[in-house]
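K.L.:
Here you go, one structure.
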């Protein structure tokens, strides 16, 4: 049996990958995220760097790395460092469309492959009180764009065009197709 490693500490990615019925280990990457360049190229680069980082210490495995970025135009909306950042980000996204790209890289077994998917997301208009209440939950603090569509953040999202799992952090259809093509599923 081939060893598979998810190079991410994200409980959301673990949950999504589990939907495929795979046995896998979780070893988070130690790559620092530097956000420069256009959002799609940046997400692809970071997902690959994360997979490669973990693979270098686990060469007998297929390592899956992922990165999700939220962006408006070419402006990347990162993870908030403080509550004030989360308030600013959520205020900025209130009532507007943005895009979410999730890139996934597969490194190991002679494979080096990266795929990505993009979804469009529209926030409903949020009052200052709603933003403050949401930030107080702590949920926005470790997420690109300062929200989690799978949690309480679902109430700020008015519409999604594209794959829900891309917004959540792992485009499961694309992951399935790659793993199927590698005869892992």
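The values are calculated or read from the model by the stated rules, or taken from the named source; none is laboratory data. Predicted model, so just to flag it, every value in this text is computed and none were measured. Note that we place each Cβ from the backbone using ideal geometry, even for glycine, and neighbour counts take in every protein chain shown.
K.L.:
Against the condition more than 28 Å from residue 59 (Cβ to Cβ) and loosely packed, with under 15 Cβ neighbours inside 10 Å, how does residue 130 come out, does it pass?
P.N.:
Details: more than 28 Å from residue 59 (Cβ to Cβ): yes; loosely packed, with under 15 Cβ neighbours inside 10 Å: no.
The answer is no for residue 130.
K.L.:
Scan 181, 148, 169 and give me the residue that is under 18 Å from residue 103 (Cα atoms), surrounded by 12 or more Cβ atoms within 10 Å (Cβ to Cβ) and without any contact (Cβ under 8 Å) to a residue 12 or more places away in the chain.
P.N.:
Within the list 181, 148, 169, the selection yields 181.
K.L.:
Looking at segment 94-114, which of its residues are more than 24 Å from residue 146 (Cα to Cα) and either in a strand (DSSP E or B) or without any contact (Cβ under 8 Å) to a residue 24 or more places away in the chain (or both)?
P.N.:
Scanning segment 94-114 gives 106, 107, 108, 110, 111, 112, 113, 114.
K.L.:
So which of 95, 153 is touching a helix residue (DSSP H, G or I) at 6+ places or on another chain (Cβ under 7 Å) and over 30 Å from residue 58 (Cα atoms)?
P.N.:
153
K.L.:
Taking segment 1-28, which residues are assigned to a loop (DSSP other than H, G, I, E, B), under 14 Å from the mean Cα position of the chain (by Cα), buried (at least 16 other Cβ atoms within 10 Å of the Cβ) and modelled with pLDDT of 95 or more?
P.N.:
7, 8
K.L.:
Of all residues in segment 142-156, which are out of contact with any strand residue (DSSP E or B) (no Cβ under 6 Å at 6 or more places or on another chain) and outside any loop (DSSP other than H, G, I, E, B)?
P.N.:
Within segment 142-156, 142, 146, 152, 153, 154, 155 qualify.
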